[in-house]
Amino acid sequence: MSKVKSSKKLINDGRRSHEWARSHMQILDNTINRYKKQRPLRGITLGFCLHITKETSVLLLGAKSLGATVACCGGNPLTTQDDIAAFLASEGIHVYSWNGQTPKEYDWCIDQVLKHKPVILTDDGADMNIKAHFDARFKTQEVYGATEETTAGVTRIRAVEKKGLLRYPVILVNEAYTKHMFDNRYGTGQSTIDGYLRAMNLLLASKRVVVAGYGWVGRGVAEKCRGMGSRVIVTEVDPVKALEAHMDGFEVMPMSQAAPAGDIFITCTGMTSVIRKEHILKMKDGAVMGNVGHFDVEIDSKFLLNSKSKEARPNLDACTLRNGKTVYLVGKGRLANLVAAEGHPPEVMAQSFSNQILSILYILKNYKKMPNEITIVPEKIDRQVASDALAAMKVRIDRLTIQQKAYAESW
């Protein structure tokens, strides 16, 4: 169970947060309610490795209401909301997560979930899937299939498949249009601003903000920073994305050129060593940097935290460099929007988690005929989530007339 002391107050705090999130996640609630009478997950054990937040609690309790036995652990050592972990444990979820885990404790928690022998895995970053493939204790356990939530995890799963080592089908929920378009762009865009403001409480207007990466996350972050009055610089390695950023009106340049120009740095790439020692030494005195990619490998946080460093504010370390300058690191280089804030708004996560629950049900129904390869969310599910989202927002759209359908099908 969670290492968190499950006091009555902590449980009640978690319940209030859960209720707040659920009241703003009608899309997911409606999805779950459609299947409640059938209880299609009766007798099925599910394993989740996700950020344990108020939004995640709605997904986990929803899966339980469909009949599943649910075991979960955190998808990051620093992103568990302890009140939510305590609340979930009180509701019969097997929880192995607390905030501030060591790497060894984080690994232990994944082990505990896998020891429940889940037949469907839902992952955020692929740590559980990698262990289920390559840890001798678990690689022979039966797994019907898995879903992957984030870009960094997709990259790892693709590498496993490329080597011909994928032993069960994996649905890339991150690739669903209703996930990456809204979760990655609007969710991360807003929650990144939230995390940075909580950590540093500085003015964004007039600041030069360097956004590393112009995928869906980078697009959202750059757009929101511009909306706050920042002058945004984008760095990229992909010429098509760099061209798009340029055409969207952002300055585009290499990190070596951006490093001395920027006031605030936000990495959004999913790649290692994006802001390196040579970049950090070029930065202005007082520069702030942080990361919203899944793993803490984008910024050389080891170099920063091995310098003369101290906590300046909660979730903000002041790092004095050998050149006498002081720069700042948000959330020790881990997910700034979850370490320093609460992560994505519930309305956005409702779409991502609707994709998750529908993909879990799809695997359960079809795993015997699914090849051991990666696949994207079936279009039918993606469109259903979009329709549910519009209905929840009370937005109506047109439908094709009979004449239009005939026109579309003719040559």
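The values are calculated or read from the model by the stated rules, or taken from the named source; none is laboratory data. Note that the structure is a prediction, hence the values are computed from the model and not measured. Please note: Cβ atoms are built from the backbone with ideal geometry, for glycine as well, and neighbour counts cover all protein chains shown. When the accessible area is computed, the model is the full protein with side chains, heavy atoms only, and any ligands, DNA or RNA have been set aside. Shrake-Rupley method; radii C 1.70, N 1.55, O 1.52, S 1.80 Å.
Working note: Debye formula, equal point scatterers on the alpha-carbon atoms of segment 38-162, no solvent; log10 I(q)/I(0) at q = 0.15, 0.17, 0.19 Å⁻¹ is -0.63, -0.82, -1.03.
Here the sum of -39500 (n - 2.57) over DSSP H runs of 4 or more residues, divided by the residues of the chain, equals -12500 deg cm²/dmol at 222 nm, to the nearest 500. Going by accessible surface with a 1.4 Å probe and the largest first, Val240, Val252 read Val240, Val252. According to the Kirkwood relation over distinct C-alpha pairs, the hydrodynamic radius of the chain is 22.1 Å.
Structure remark: mean-square fluctuation, Gaussian network model of the chain, C-alpha springs under 10 Å; the largest value among Leu121, Leu61, Leu46 belongs to Leu61.
Please give the net charge around Glu55, taking every other residue with its beta carbon less than 10 angstrom from that of Glu55, where Lys and Arg add +1 and Asp and Glu add -1.
Numbers: positive: Arg22, Lys54; negative: Glu342, Glu347.
With Lys, Arg at +1 and Asp, Glu at -1, the net is 0.
Solvent-accessible surface of the chain, taken per residue with a 1.4 Å probe and all protein chains present: 46 Å². Amide H to amide H, with H built 1.01 Å from N, Val170 comes under 5 Å of Ala146, Glu373, Ile374, Thr375, counting only residues 5 or more places away or on other chains. The string of couplings for segment 269-286 from the Karplus curve (6.51, -1.76, 1.60, θ = phi - 60°) is 9, x, 10, 7, 6, 7, 10, 9, 3, 5, 6, 4, 5, 8, 6, 5, 4, x Hz, one whole number per residue in order, with x for Gly and Pro. Isolated cysteines in the chain, defined as those with no second cysteine Cβ under 4.7 Å, comprise Cys49, Cys72, Cys225, Cys268, Cys319.
Carbon and sulfur together cover what percent of the accessible area of the chain at a 1.4 Å probe radius? On the chain, the fraction of accessible area on carbon and sulfur atoms equals 53 percent.
Do any of Lys277/Lys332; Lys302/Lys332; Lys308/Lys332; Lys207/Lys310 go past 19 Å between their Cα atoms, and which? Intermediate values should be presented prior to the final figure.
Details: Lys277/Lys332 15 Å; Lys302/Lys332 9 Å; Lys308/Lys332 14 Å; Lys207/Lys310 24 Å.
With Cα atoms farther than 19 Å apart: Lys207/Lys310.
Solvent-accessible surface (1.4 Å probe) assigned to Val154 amounts to roughly 10 Å². For the Cα trace of segment 276-370, dividing Rg by the Kirkwood Rh returns an Rg/Rh value of 1.23.
Find the Cα radius of gyration of segment 102-238, compare it with 2.2 N^0.38 Å by division, and give the number to two decimals.
Numbers: Rg = 18.4 Å, N = 137, 2.2 N^0.38 = 14.3 Å.
Dividing the Cα Rg of segment 102-238 by 2.2 N^0.38 Å gives 1.29.
A 1.4 Å probe, protein heavy atoms only, puts the accessible area of Asp82 near 50 Å². Amide H contacts of Ala212: Thr235, Ile266, Thr267, Cys268, each under 5 Å away and 5 or more positions distant or on a separate chain (H built 1.01 Å from N in the peptide plane; Pro and chain starts excluded).
Between the C-alpha center of segment 120-167 and that of segment 11-83 there is a gap of 21 Å.
The antiparallel fraction among DSSP beta bridges confined to segment 213-355 stands at about 50%.
Compute the whole-percent fraction of alpha carbon pairs in segment 31-71 spaced more than 12 Å apart.
Across segment 31-71, Cα pairs with separations above 12 Å total 55 percent.
Top to bottom by accessible area (1.4 Å), largest first, where do Glu379, Glu148 land? Display every interim value, and only then the final one.
Numbers: Glu379 125, Glu148 0 Å².
Highest to lowest solvent-accessible surface, that is Glu379, Glu148.
Straight-line cross-link partners of Lys37 among the lysines, defined as a Cα under 19 Å from its Cα and at least 8 positions apart when in the same chain: Lys64, Lys365.
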